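The values are calculated or read from the model by the stated rules, or taken from the named source; none is laboratory data. As the structure is a computational prediction, the values presented were derived from the model and not from experiment. Quick reminder, even Gly has a Cβ in these numbers, built from the backbone with ideal geometry, and neighbours come from all protein chains shown. Heavy atoms of the whole protein, side chains included, go into the accessibility calculation; ligands, DNA and RNA do not. Shrake-Rupley method; radii C 1.70, N 1.55, O 1.52, S 1.80 Å.
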Amino acid sequence: MADLPKRKTIRLPYYDYRSKGAYHVTICAKNHACIFGRIEQGVVQLNELGMIADKNIAAIPEHFTDVDVIEYVVMPNHVHLLLALGLNAD
């Protein structure tokens, strides 16, 4: 496996990311390839892989009871999620 590029961390050095709270997560496709679909007339049209991503993101709370998906969007080459960790009512 080739060496990965060294990247500057954007994480806060003293913050515990396991803490309860809301988190914004962005996941980009390798080389920003449009693997999840395309844009047609300003609207995202998901392909099969995009629909799989959409379905599995929506199912996160079924697998992780302490995680709520507040909002998310699958774009052609990336995904944005707003997750709440440990904030749901028991």
Out of Ile10, Ile27, Ile39, Ile52, which single residue is out of contact with any Cys (no Cβ under 8 Å at 6 or more places or on another chain), without any contact (Cβ under 8 Å) to a residue 40 or more places away in the chain and part of a strand (DSSP E or B)?
Ile39
What pairs can you find where one residue is in region 63-90 and under 21 Å from Arg18 (Cβ atoms), the other is open to solvent by less than 60 Å² (accessible area, probe 1.4 Å) and in a loop (DSSP other than H, G, I, E, B), and their Cβ atoms are less than 6 Å apart, with a gap of 6+ or different chains?
Asp66/Gly86; Asp68/Asn88
Identify all residues within region 13-24 that are touching a strand residue (DSSP E or B) at 6+ places or on another chain (Cβ under 7 Å) and outside any strand (DSSP E or B); write none if there are none.
Lys20
Here is a list of conditions, (1) over 24 Å from Leu4 (Cβ atoms); (2) charged (D, E, K, R); (3) surrounded by fewer than 12 Cβ atoms within 10 Å (Cβ to Cβ), and Arg38 meets all of them except one; can you say which number that is?
(3)
Of the residues Pro76, Pro61, Pro5, which is open to solvent by less than 80 Å² (accessible area, probe 1.4 Å) and assigned to a loop (DSSP other than H, G, I, E, B)?
Pro76
Could you tell me how many of the residues in region 39-75 are under 15 Å from Leu85 (Cβ atoms) and in contact with a Gly (Cβ under 9 Å, 6 or more places away or on another chain)?
2
